[in-house]
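Heads up, the thing below is written out as C-alpha cells.
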C-alpha cells in the first residue's frame, strides 16, 4: 500500500472517528499529493520518494509555524500545529539515532574520498539521497561538518 493510499484510508477513519485535528492534517497531505500530481510535467502516480518529501515538507512547515506561534504566545495555535505535525510524522519512517547516523555518514565519507570541509558538497549529495526520510537535513549537515572538521 502506497503512502497516498494509506493517507486516503486514514482520512476515512478520521472522518468516522470525528477527529478534527487529525482530519485536518491528513486532508492537507492528501491535497498536497493531488497538487503534486497536477503540476506541469508530473505523472499521475507519485514515486514513494516524492510522497515522503511531501509529508516531510508538511511536517517541517507545521513545526516552523508552531515555533512562531510559541514566540508570539499563541498557545492555542501552537498546540494545533504540534498535534498536526505529530499526526503527519506517523507516515514517515522512524528517525535514525545519532550513532547510526554517524556510522552511515562515515561510510559515505570513505566512499566519496572526502577529506576536508571544502568537500562537504560531495558528501551531502550522497548522504541526502541515501538518508531521505530517515534523518533531517540539518542533522545530516551538522554531522558531516563535524566529521570532516
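Couple of notes before you dig in:
- Among residues of segment 68-93, those that are without any contact (Cβ under 8 Å) to a residue 12 or more places away in the chain and closer than 23 Å to residue 134 by Cβ, counted: 2
- Reported count of residues in segment 94-115, each being over 23 Å from the mean Cα position of the chain (by Cα) and touching a residue at least 24 places away in the same chain (Cβ under 8 Å), is 3.
- Residues of segment 31-64 satisfying the condition of being more than 15 Å from the chain's Cα centre (by Cα) and either assigned to a helix (DSSP H, G or I) or surrounded by 15 or more Cβ atoms within 10 Å (Cβ to Cβ) (or both): 31, 34, 35, 36, 37, 38, 46
We did not get these values from a lab; they are worked out from the coordinates using the rules stated. Fair warning: this is a prediction, and the values are worked out from it, not measured in the lab. Don't worry about glycine lacking a Cβ; one is built from the backbone with ideal geometry, like all the others, and counts go over all protein chains shown.
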